[in-house]
Amino acid sequence: MKRVKLFLAVILSVLACFFLLPGCGGEKGDETGTGTIRDELVVIIDNTKIAVLDPHNPAASSSSTAWAFHMIYDTLVKEEDGQFYPDLATSWNTDDWKHFTFQLRDDVYFHNGEKLTADDVVFTVERAKENPGSAGYDKLAIVESARAIDEHTVELVLESVNVEFLWYLSDPRASILNREAVEADPDKGTWIGTGAWTVSEFASNEYVVLEANENYWGEKPKTKKMTLKYVAEESTRLMQLENGEAQVCFSINANDYSYVESQPDKFVTYSFTTNNNSFIAFNMNDPICGDINFRKAVAHAIDREAMVASAFNGYGEVNTLGTFWGYRTEFKNTDIPIIPRDLDKAKEYLAQSKYNGETIEIVSAIPDLIKTAQIVQAQLAEVGIKTTIKETDPPGMSAYASYADNKAQMIVYTASCGLNGGSMKALLYPYGSSNRASYNNEEVARLFDLAVTQPDPKEREATYHRIQEIVAEELPYINLLNTVFLVCCAKGVDGLKLSNLAFHDLTYMYMVE
Amino acid sequence: MLRYIVRRLLWLIPVIILVSLAIYILMDLAPGTVIDSLITEQMTPEDIEKLRQEYDLDKPVIYRYGKYMWGLLHGDLGRSQVTGISVWESFMTRFPATLKLSLVSVVIGTVLAIPIGIFAARRAGTIWDNLTTGFTLIGQSMPSFWLGLLLLIAFAYKIQLFPAGGYRGPSSYVLPAVTSALMMTALTARQTRSSMLEVLRADYLRTARAKGVPERLVIRRHALKNAWIPILTTIGMGMSRFLAGSAVIETVFSWPGIGRLTVEAVSQRDVTLACGCVILTCILYVIVLLIVDLLYAFVDPRIKAQYASGGRRRKVTA
Amino acid sequence: MGSELNGQAAKDNKELVLEVNNLVVHYVLQEETVEAVNGISFSLEKGKTIGLVGETGAGKTTTALAIMNLVPDPPGVIKDGTIKVCGYNMLELSARQLEKIRGKEVSMIFQDPMTSLNPVITVGDQIAESIMLHEKLTYSQAFNRAKEMLEMVGIPGARATEYPHQFSGGMRQRVGIAIALACNPKLLLADEPTTALDVTIQAQVLDMIDELKRELGTALVMITHDLGVVAKICDLVAVMYAGRIVEYGTLEDVFDRTLHPYTEGLFNSLPDIRNRKNQLQPIPGLMPDPTNLPRGCSFAPRCRYVSDACREAQPTKHQVSETHVIYCSAYDDSNFQIERARGRGGNG
């Protein structure tokens, strides 16, 4: 009897511990009438996760991590519509596009109270360069040396001339860290930035809780507290939005888009089209796929509309141009016509190609694209091309279809395209990290190298247009479509700055209740 | 007793060696390496080669495994190859969530299962027994993914009683714990029923009744105590399974547990993290089962006597 | 018939500890009904011992369980009859009242000491439990009493903290006896307490039961198939066959003045040490199927004196003396004698 009572007591106290702990999620701010701004916002981030809060960590390359960086840190310059504006740097100049000097603000303090100095910029550049594989390295590796001229002046010298350098500097992953903080605590020191938000709690791959920085040097956020959280299960995201556990969701299942859009009194939606193309890539080293006639046959055989309709629920922007370029990447060549669907032509080209009834392997990863690959398979079957689909995951894709050792024949996949022309090198330049086609054209490589030395936008435009013409002729890639994403918010949410790169700026997001 | 514990713990060594070797080999066979999770736009082939060398990916898998085991021998679980955070720390930041959910689930599961099992056993053969057996069958065969979503729709969406996932505050435990507990409840209730059925026929219960022991004490003090061992085993298995974390339940309820950590590590080809997670899970598993074994001795003096005499094999059935 | 017995006891103005009247117990199964006990009556005075003798399946254990009102239900059903233990009507008491009487007024020693003790509770606690339930004592007081009880049955009190598996069979039966006697019951039911024990131990245990019973003034129902045991400690004997009492009397009545053919059969199946050349004469045949008892005398199919009348009707009762009763139709013929009686040279 005594034992039984003890047992019950233990159980009850264990339960009590859990149920009496303070702090239920989703607490509301001031319970006032309409027109007040909600104190706290909970944001369900996209399908990527925030693994680390350190731009120099290889695990910090996801888009949602960039949102947090936007909020926590500042960059030297910021970009809007291809123009650059002061941020931490009040002004900058360069004579040769190799030596850059930046004049820093002198009223900026890090979250730990340290004042921003030129030395912090030097530290940031040097630390980024020590961490290959990180997004910060990606942006800053072209800096050969960094030097503090005085407390608020810093000189950055590039390895070679690069007229697109400011693009890289404006990336949230090129944000400025604090030397003292990082050196004192390599793990959590990187949580210290100069940005409008401070980190109050962080659980890797789960959530980050941010609080408005009362001492921010610029315009202060309207919201007091913001949680960016990852919700693994798609179907619970809409639920959380509907029952008020979250106010913003970047990753609602595309099946639910039409439902959300049909409820204007409950939700407000914002949409953006990703800059990333989904594509069919051909392994240029493959005997069949290396044949231009085969590639043209495929290009004439596919129907993009069908893909949007069935693999993307209609939420995709079909390419209407023949060029293979990011959706909003600068200097897009609008004169290249798309190759239309024409089954007769497709069969004609196929007859001229080396294709002889072999089964071609299509490698794909990620559910939507695997669906797309299946549609491609069906469409190619119409003209008599037999294919089989190999499904893998993103690391498997990288291993399978890498530039130097390409084991694939055809690839249905996607790649991130930056906004500057040079970012397309990842897909089109030898050894490019996303060069799934193993595409190697000396002229294209030369033109890419040339473009970044051409300060005059007109000249640069001509160079990039030429690249696109060559690529359109050789057809290592066939562009398919750009996914349209819907950001679903509770009614009253505003102030969100969306980016086609998916590097959204949530700093000034708020919700009017 | 101490010798017994030490011997059980020593068994961990071959287990760890085999399990980690299996992970190394399997993950080496999977397409892609951790580098493929790390490649970014601007990386040059030289950078990639440098990374490959840094991770010893240019050397055979057995070399990497040996190096890992050497570190392990010195108590170093290594660092995640993707985030660079120490494996121990990555694991421990997730572990509390898993541990707490496991405890709550086991408590809920046990508190429900034992009365249900006793109820069914005492009415063996009646409609009530059939009903509870049916219930446990359903509980056992219901996929937790489906059940979890069902509970979410009912109690987080329709009746907004609990949050739809997340690990914040006590109310967030309810749905995931109930979901994972149900499976265990079903198993434990069945086990309780069958071992109670066996015990209810025992002569010593008649002895107890003949002494004038009230019926509820006959069940609770005399019968249950004898039925405990198989029940304890089931509970222990349940607990150790919960501790390994369930990627499914953690996904449905956005629970920051070990299961998802492990699955993600595998999908990123983060061998050190995956291996570390599995090794630590193995250790937890063995420890929980060891505790269960020690509890046997606590509830059954005959087993205690065996431990004390250094008996080789323990008997599970009473 | 039973009422006469009772009346007789009342006449003697003795204190009756147990009165069983026309007890009928059936086990109702889905397919069939086992007629285990079919109307038996007997009574027992304070401090006396009655032996219930019979083959396995004669209904002895069921009778004992019925006295405790512990017949497992389902499938056991007490169809008819009354049982009074120290004046309490056992079949009409509430569960709570029964719990108060069991272990206190009446207790039981079971056949198999290996299984009748709870393996996971110390023997001291098993004895003390009974004491705590029936006497308002604290745990430590009860435990000390338990130690005394162990000493009384010849086990060192220090072993009270040990578990049943640490004891031998004979010692476990002593523990069983200690449990049964812990609260000085007025009535003790011993269900073949020595059957499972070694022969050498049997005698010890039997002696002990006998001794303790005298010491404590307990009435005893000794269930056994061993006539030797009966001879040793019983005052009265009831011979049971197929759920009925066939012969009832004092030890001398039944042993020396045996009348019933079945009782005779039992004696004949015993080896005789003085006449080892004598062939054993086991009773031919088997006990009748209790789910399908014959219309007439149940023993008729095996009885060497059987007549047609036996097969047709239930046996008639013959009150041979004040203490001696038999149920056998053969005695309707006043000249009838069984062989054993002839050997004795006449009745009485």
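The values are calculated or read from the model by the stated rules, or taken from the named source; none is laboratory data. In this text, all values refer to a predicted model and were calculated from it rather than measured experimentally. In this analysis, Cβ positions are derived from the backbone assuming ideal geometry, glycine residues included, and neighbour counts consider all displayed protein chains. Only protein heavy atoms, including side chains, enter the accessible area calculation; ligands, DNA and RNA are left aside. Shrake-Rupley method; radii C 1.70, N 1.55, O 1.52, S 1.80 Å.
You will find that of B:Phe162, B:Phe155, B:Phe135, the residue that is in contact with a Leu (Cβ under 6 Å, 6 or more places away or on another chain) and more than 10 Å from every other protein chain (Cβ to nearest Cβ) is B:Phe155 and no other. Once the stretch A:469-498 is narrowed to residues that are under 16 Å from the mean Cα position of the chain (by Cα) and closer than 20 Å to A:Leu427 by Cβ, the residue that is least open to solvent (accessible area, probe 1.4 Å) is A:Asn482.
Within the set B:Leu77, B:Leu137, the sole residue that is in a loop (DSSP other than H, G, I, E, B) and more than 19 Å from B:Ser246 (Cβ to Cβ) turns out to be B:Leu77. Within the stretch A:419-446, residues that are more than 24 Å from A:Pro457 (Cα to Cα) and more than 9 Å from chain B (Cβ to nearest Cβ) sit with their Cβ atoms under 7 Å from residues that are of a type in the set (Phe, Trp, Tyr) and open to solvent by less than 10 Å² (accessible area, probe 1.4 Å), at 6+ positions apart or across chains, in these pairs: A:Ala437/A:Phe282; A:Ala437/A:Tyr477. Residues that are among the charged types (D, E, K, R) and either within 14 Å of chain B (Cβ to nearest Cβ) or on the phi > 0 side of the Ramachandran plot (or both) within the stretch A:237-286 comprise A:Arg237, A:Glu242, A:Glu245, A:Asp256, A:Lys266, listed in sequence order.
Quick check: is even one residue across the stretch A:173-187 within 14 Å of another protein chain (Cβ to nearest Cβ) and in contact with a strand residue (DSSP E or B) (Cβ under 6 Å, 6 or more places away or on another chain)? Within the stretch A:173-187, none of the residues are within 14 Å of another protein chain (Cβ to nearest Cβ) and in contact with a strand residue (DSSP E or B) (Cβ under 6 Å, 6 or more places away or on another chain).
Where strands (runs of 3 or more DSSP E) fall entirely within the stretch C:24-91, those with at least 2 residues that are basic (Lys, Arg) and touching a residue at least 24 places away in the same chain (Cβ under 8 Å) are at C:76-85.
Of the residues making up the stretch A:207-236, those that are open to solvent by 10 Å² or more (accessible area, probe 1.4 Å) and at the interface with chain B (Cβ under 9 Å from one of its Cβ atoms) number 6. Tell me yes or no: at least one residue of the stretch B:123-132 is more than 30 Å from B:Val218 (Cβ to Cβ), at pLDDT below 90 and surrounded by fewer than 19 Cβ atoms within 10 Å (Cβ to Cβ). No, there is no match, as no residue in the stretch B:123-132 is more than 30 Å from B:Val218 (Cβ to Cβ), at pLDDT below 90 and surrounded by fewer than 19 Cβ atoms within 10 Å (Cβ to Cβ). Answer with yes or no whether A:Met397 is open to solvent by less than 20 Å² (accessible area, probe 1.4 Å), within 13 Å of chain B (Cβ to nearest Cβ), under 29 Å from A:Ser310 (Cα atoms) and free of Cβ contacts under 8 Å to residues at least 60 places away in the same chain. In short, yes. Report yes if some residue within the stretch B:107-123 is of a type in the set (D, E, K, R) and more than 10 Å from chain A (Cβ to nearest Cβ); otherwise report no. Yes, that holds for at least one residue.
Just the residues that are more than 21 Å from the chain's Cα centre (by Cα) and within 14 Å of another protein chain (Cβ to nearest Cβ), please, taken from the stretch A:191-201. Within the stretch A:191-201, A:Ser200, A:Glu201 meet the criteria. Where helices (runs of 4 or more DSSP H) fall entirely within the stretch B:171-248, those with at least 1 residues that are away from chain C (no Cβ under 14 Å) are at B:171-200, B:224-243. Taking the criterion of being aliphatic (A, V, I, L, M) and closer than 20 Å to C:Ala182 by Cβ, the residues of the stretch B:187-233 that qualify are B:Leu205, B:Ala208, B:Ala210, B:Val213, B:Leu217, B:Val218. Of all the criteria given as (1) open to solvent by less than 50 Å² (accessible area, probe 1.4 Å); (2) closer than 30 Å to A:Met424 by Cβ, the one not satisfied by B:Arg52 is (1).
Residues that are of a type outside the set (A, V, I, L, M) and part of a helix (DSSP H, G or I) were ranked within the stretch A:342-366; the one that is least open to solvent (accessible area, probe 1.4 Å) is A:Tyr349. Scanning the stretch B:67-87 for residues that are within 14 Å of chain A (Cβ to nearest Cβ), surrounded by fewer than 17 Cβ atoms within 10 Å (Cβ to Cβ) and acidic (Asp, Glu) turns up nothing. Residue-level check: of (1) open to solvent by 40 Å² or more (accessible area, probe 1.4 Å); (2) under 30 Å from A:Lys129 (Cβ atoms); (3) within 14 Å of chain A (Cβ to nearest Cβ), B:Met92 misses just (2). On the stretch given as the stretch C:97-112, residues that are open to solvent by 40 Å² or more (accessible area, probe 1.4 Å) and within 7 Å of another protein chain (Cβ to nearest Cβ) total 3.
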